[in-house]
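Visitor: Structure in C-alpha cells, see below.
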C-alpha cells in the first residue's frame with residue numbers, strides 16, 4: 001500500500017470518499033469516508049477504519065459485529081481525491097446484514113448455484129474468523145483439518161449410497177452436505193472458488 005496521505009485532497013471537512021470493494025470479486029461493498037487519522041490507522045492495522053459523519057468519530061469496521069475487513073490494498077484515484085480500498089470481508093458490509101450496502105434488499109434474490117456457493121463461501125469464511133458458540137462450522141474449524149477431512153470422506157460415502165436410492169431426494173440432500181463440507185475444506189486450506197473456476201475453465205478447452 002503505497003499511499004502518501006499528505007498528497008491526498010481531503011474536502012473542507014477533512015474527509016475523502018473511500019469505495020470499498022471485495023478484493024476477489026471487485027464487488028462494491030460500501031461507500032464510506034476517511035479522514036487522515038482513519039486512513040493512517042487503516043494502513044497501520046490493515047483493517048478498515050472510517051470517519052462516521054453521523055457520530056463525528058472514528059469507526060473501526062467490525063469492532064462490535066466482528067464483520068471486519070482485512071485490507072489488501074488502498075489506491076488513490078488519478079486526482080487524489082477518492083480512494084478504492086480492496087478488502088477481504090469477514091462478514092456482511094452493510095448494517096442491514098446484507099453482503100453489500102448496494103444490495104437490492106437484506107435477503108438476496110439470487111438463486112443460481114454459483115451465487116449461492118459464493119454466499120456460502122463468504123459465510124464459512126466469516127465463521128473461520130469469528131467463531132461463535134453453537135456454530136457447527138466454527139466447531140469444524142476448532143477441531144482442525146483432520147476432522148474436516150473426515151467429514152468430507154463421510155459425506156462422499158453417503159452421497160454414493162444415496163445415488164443408489166430410487167428416489168432423488170436423498171441424493172440432493174447428500175450432495176448439498178458434501179458441497180458444504182467441501183467449501184469448509186477450501187476455506188481451511190485457503191483455496192478460493194475463483195481458483196476452482198479457473199481450473200475448470202482450463203479443462204473445458206476451446
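Rule-based calculations on the coordinates, nothing more; no lab input. From a predicted model like this one, the values you see are computed outputs, not experimental measurements. Note that each Cβ is placed from the backbone with ideal geometry, even for glycine, and that neighbours are counted across all protein chains shown.
Visitor: Which residue fluctuates most in the GNM of the chain (Cα springs below 10 Å): 113, 185, 123?
Guide: 113
Visitor: If I take every Cα pair under 8 Å that is 6 or more residues apart in segment 5-89, average their sequence separation and divide by the length, what percent do I get for the relative contact order?
Guide: Details: 169 pairs, mean separation 26.9, N = 85.
Across segment 5-89, relative contact order equals 32 percent.
Visitor: Label segment 155-206 by shape, choosing from rounded, prolate and oblate, from the square roots a ≥ b ≥ c of the eigenvalues of the Cα gyration tensor; if a/c is under 1.5 it is rounded, and otherwise prolate applies when a/b is larger than b/c, oblate when it is not.
Guide: Oblate shape, in that a/c is at least 1.5 and b/c is the bigger or equal ratio.
Visitor: Here's a follow-up. Under the rule of -39500 (n - 2.57) per DSSP H run of 4 or more residues, summed and divided by the residues of the chain, what mean residue ellipticity at 222 nm is obtained, to the nearest 500 deg cm²/dmol?
Guide: Computed ellipticity for the chain at 222 nm equals -13500 deg cm²/dmol.
Visitor: What FRET efficiency comes out for residue 70 versus residue 163 if R0 is 30 angstrom and r is the Cβ-Cβ distance? Round to the nearest 0.05.
Guide: According to the calculation, E is roughly 0.15.
Visitor: Using a Gaussian network model of the chain with C-alpha springs under 10 Å, which one of 163, 188, 138 is most mobile by mean-square fluctuation?
Guide: 163
Visitor: Which value in nm describes the separation of the simple spin-label points at residue 130 and residue 37, placed 7 Å from the Cα toward the beta carbon?
Guide: 2.5 nm
Visitor: Quick one: in the chain, what % of C-alpha pairs are over 21 Å apart?
Guide: 61 percent
Visitor: How much length is gained on full extension from residue 7 to residue 199, taking 0.36 nm per residue of separation minus their Cα-Cα distance? The partial results should precede the final answer.
Guide: Details: separation 192, 0.36 × 192 = 69.12 nm, distance 4.18 nm.
Going from the current span to full extension adds 64.9 nm.
Visitor: What does the C-alpha gyration tensor say about the overall shape of segment 5-89? Classify as rounded when a/c is under 1.5, otherwise prolate if a/b is larger than b/c, or oblate.
Guide: oblate
Visitor: Still on this structure, I have one more. Got the relative contact order for the chain handy, in percent, Cα pairs under 8 Å and 6 or more residues apart?
Guide: Details: 291 pairs, mean separation 30.4, N = 206.
Relative contact order, the chain: 15 percent.
Visitor: To one decimal place, what orientation-averaged projected area in nm² is obtained for the convex hull of the Cα set of segment 113-204?
Guide: Dividing the Cα hull surface by four gives the mean projection, 6.9 nm².
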